[in-house]
1. Output the residues belonging to the stretch 156-187 that are part of a loop (DSSP other than H, G, I, E, B) and not hydroxyl-bearing (Ser, Thr, Tyr).
2. State whether one or more residues within the stretch 144-155 are among the small types (Gly, Ala, Ser), in a helix (DSSP H, G or I) and over 27 Å from GLN276 (Cα atoms).
3. Please tell me if ASP177 is free of Cβ contacts under 8 Å to residues at least 24 places away in the same chain and over 28 Å from ARG271 (Cβ atoms).
4. Out of all the residues in the stretch 109-121, which are out of contact with any helix residue (DSSP H, G or I) (no Cβ under 6 Å at 6 or more places or on another chain) and either of a type outside the set (Gly, Ala, Ser) or surrounded by fewer than 24 Cβ atoms within 10 Å (Cβ to Cβ) (or both)?
5. What residue, of LYS327, LYS285, LYS335, LYS319, is assigned by TED's automatic domain parsing to the domain that holds THR51 and surrounded by 16 or more Cβ atoms within 10 Å (Cβ to Cβ)?
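The values are calculated or read from the model by the stated rules, or taken from the named source; none is laboratory data. Note that the structure is predicted; figures quoted are calculated from it, not measured. FYI the Cβ positions are ideal-geometry reconstructions off the backbone, even for glycines, and counts take in every protein chain you see.
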Amino acid sequence: MMRKIYSSTTLLLMLVMLAMHSSCSQKQETEGGQMTEIRVGVFNGNGGAQTCIWEAYAACTLDRDMRVRYITTSDIAAGVLDSLDVIVVPGGGGTRQYQNLGQENLQRIKEFIARGGGAVGICAGAYLFSNTPEYSCMAINGAQAIDIEHDNRGHGVVGFSLTEEGKKVFGEYADQDTLFCMYYEGPVFVPAADDSIKYVEFATMLSDVHEEGGAPANMTNNKPFAIGNRYGKGKVFSVIAHPESTPGKMWMIARMVRWTVTDDSDAEQQRLVKNQRFSESPDVKNAALADREILMSTDDLKVESDCFKKLVYGTDDEKLKALDWLKQHHSWDAKRWIQGALFDASPAVRAAAAEYIADIHYLTFLKDMRAALQQETDEKAQQRIKASVERLENLR
């Protein structure tokens, strides 16, 4: 049997290729143990609400060291998790996400985390991660949802407070007693009956949401708002509300992602807060951009619906008033309506829509904003749209 004889050049090339393969298959780290690049997959599958998917993706891109991509059920089946550090499951419908993924892919995700990967579940994603009896879930975060028969309890801007552990993770807000965030029918968590997984509570819900669906009072308040836990060698972060939908709070999703790939020691938590790279725009972490509780009542929902009709059929003045009301009330549904208003027949409406999008940090529509600016012929509207485009671009 002949032996293969390799030249020194060939051997050197083989060693270089082996080193490159090794470096690509391992997490990149800095001197302090922090990862320099985090590969994030945002689940884009049936059951995820489109706006939630877009917003989760945009929130992760605020971190300049994250490489973010959308992943689908087929991607997971094909092994995409091997090229990721963290998976993010956005809001929508947990049961539909569960069904779309299928049990084999759910097991792949669990094994990915157990091997050392990270997972962030937002609202429905947190539901999916829970251990809730008679509910389609993965049982990976140590919590169970209660009062699920009143899941459609309402939405709006809710108050929450950071715990002492939460202040370590979100140190920029450590001196604020109450913060505010978008919420849409998120889970009400308590510790799961199976206590094999222990979670840490990072934030506590303060608002009592029972505006719709006959939901009982005093159910959501004083329950966990954000929790984190170990799962095997990996970590799981679950949040019941939508920081990614909240101007001035979007960055918190990127921090949650970072937490899942950071050691639990106080020193590493401090380094996490210090070393994470965002843009210099003061709006990125401006908590005052959402600074009060706004729970949408049934009457408010009727006004909201009427605003949609005004945007379609109203006069220019009615459209402007509708945009103002929707913005002041942090309307959830209006996020999908204002895209078309960028191309309204009225220059004033076009400019107001651009300012609305910039105010809510809706990065998904940045491409539309640029297109609207390019096509704008009215000088005053052009100036307003240009300023709004710049505000959005400065977030990154």
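1. First, pick out the residues of the stretch 156-187 that are part of a loop (DSSP other than H, G, I, E, B): 163, 170, 174-178, 185-187.
Residues satisfying the conditions are PHE170, ALA174, ASP175, GLN176, ASP177, GLU185, GLY186, PRO187.
2. Residues of the stretch 144-155 that are among the small types (Gly, Ala, Ser), as a first pass: 145, 154.
Subset that is in a helix (DSSP H, G or I): none.
No, the stretch 144-155 contains no residue that is among the small types (Gly, Ala, Ser), in a helix (DSSP H, G or I) and over 27 Å from GLN276 (Cα atoms).
3. On the way: free of Cβ contacts under 8 Å to residues at least 24 places away in the same chain: yes; over 28 Å from ARG271 (Cβ atoms): no.
So ASP177 fails the test.
4. Of all residues in the stretch 109-121, those out of contact with any helix residue (DSSP H, G or I) (no Cβ under 6 Å at 6 or more places or on another chain) come to 109-111, 113-118.
Answer for the stretch 109-121, where residues must be out of contact with any helix residue (DSSP H, G or I) (no Cβ under 6 Å at 6 or more places or on another chain) and either of a type outside the set (Gly, Ala, Ser) or surrounded by fewer than 24 Cβ atoms within 10 Å (Cβ to Cβ) (or both): ILE109, LYS110, GLU111, ILE113, ALA114, ARG115, GLY116.
5. After applying the criteria, what remains is LYS285.
Each row is one residue, and each column tells you yes or no for (1) in contact with a strand residue (DSSP E or B) (Cβ under 7 Å, 6 or more places away or on another chain); (2) over 29 Å from ARG39 (Cβ atoms); (3) in a strand (DSSP E or B).
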{"residue": "PHE189", "(1), (2), (3)": "yes, no, yes"}
{"residue": "ALA193", "(1), (2), (3)": "yes, yes, no"}
{"residue": "GLU201", "(1), (2), (3)": "yes, no, yes"}
{"residue": "THR204", "(1), (2), (3)": "yes, yes, yes"}
{"residue": "PHE237", "(1), (2), (3)": "yes, no, yes"}
{"residue": "ALA267", "(1), (2), (3)": "no, no, no"}
